[in-house]
Amino acid sequence: MSYIHNFKEICKIIKESVSIVDVAYMLNLCIDNNRGGNPKTNCTNHRHGDGVDANPSMFLYRNSNRYHCFSCRNSGSVIDLVMQCRSIDKYEAVDWLCENFGIKKPERLQKQYVPQDDVKYYSSFLRKLELPESCRNYLKSRGLNEETIEKFQIKGIDDYSSAQQCFVQEYGFEVWEKTGLSRLYVWGSKNVPQVIFPIFKNYQVVGYVVRPVIDTKSSKYIRIGDKSTFFNQDALDTLSKGDEVYIVEGPFDCCSLEQCGCKSIAMLGNELKHMNLDVLKASKEKTIHFILSPDKDVAGTDTELGLLEVFDGIGIKPQLIYPESGNDWNEELVNRGRIEINSILNHGENRMEDVIRVRN
């Protein structure tokens, strides 16, 4: 039995056996039982005028086990509801539902879905993309110049439907969903401009980090494809004995430091458990100097401590440097410029002993 067939079978089982009302409660949605009628709740889709469904407009239908919002006209199954509320793709939603409702997954679904065979689809999608003016202006407002944009092959979309149609015409809708590209609709509107950072591994596209150019109520970033690869990971191959490399949170910080002439790789703050640490071990053999530089916020502190434990486990003692005034290096680039950043990096304080003392 093939993987897709198994996956479709699990989806069918979930849609037939897991109550959409129970799922809504599990997602911590505020349910109005509607005096014995179909329960309703505030829609979590951000297609509403002000981004918020002020009055409960989304009804949960027990008979069909589906939901429908009479405000934004969005509807779907229990799987769609989990995808929408948790900003995850279909495979992750099925995994969440199986785990929370005691459904046994086929053996092929036990492991995290890593689309190793989908490189050609990601590469093809990247070739079809351009950089809309709205996305280009956003990147420039974040301090990135044309050279950096071109170096990292940053693209974007401002119309989900057009991007989907172009891809589906060639490869079909099933591949669009299987590769996770359908997650580009995660912010609830077909017209949300999105900046797309391709992730390369061995100089092939294995996925993307995507960010909307406007503030939304959902996550700032989504990751499509391989979750184990650092952003700009191939930069490690260009390093020589004694070189330095910065590990930061997010593609903007990485691009900002690279624009200032510093080698850098990036992860998203909550992805440490997924990362492939073998690349760090291999760099250790070249005696590369690692410098941790997480954001100056609560999530950054968690990332810092998590990374320190990882480095302890593989016998590497990194340096720790924070941005001097901003929360992250992209903010420093926008507010202070390249010259001042280089000054900060050259005279940054090594806080490693303080961090270890606090952790102990």
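The values are calculated or read from the model by the stated rules, or taken from the named source; none is laboratory data. Values in this document were obtained by computation on a predicted structure and should not be read as measured data. Here Cβ is always computed from backbone atoms with ideal geometry, including for glycine, and neighbour counts include all displayed protein chains.
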Any hit, segment 221-231, residues being at pLDDT 90 or above, crowded, with 19+ Cβ neighbours inside 10 Å and in a loop (DSSP other than H, G, I, E, B): yes
Positions within segment 138-180 being surrounded by 13 or more Cβ atoms within 10 Å (Cβ to Cβ), of a type in the set (D, E, K, R), within 30 Å of residue 335 (Cα to Cα) and in contact (Cβ under 8 Å) with a residue 40 or more places away in the chain, in sequence order: 142, 151, 155
Cβ-Cβ under 9 Å pairs, at least 6 apart or on other chains, segment 85-102 side outside the structural domain of residue 185 (by TED's automatic domain parsing) and closer than 18 Å to residue 226 by Cα, far side of a type in the set (Lys, Arg) and not in a helix (DSSP H, G or I): 94/105; 95/105
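Scanning for something crowded, with 18+ Cβ neighbours inside 10 Å, at pLDDT 80 or above and among the aromatic types (Phe, Trp, Tyr), does segment 52-61 turn up at least one residue? Spell out how you get there, then give the answer.
Residues of segment 52-61 that are crowded, with 18+ Cβ neighbours inside 10 Å, as a first pass: 53, 56-60.
Now drop any that are not at pLDDT 80 or above, which leaves 56-60.
Then drop every residue that is not among the aromatic types (Phe, Trp, Tyr), which leaves 59.
Yes: segment 52-61 contains one or more residues that are crowded, with 18+ Cβ neighbours inside 10 Å, at pLDDT 80 or above and among the aromatic types (Phe, Trp, Tyr).
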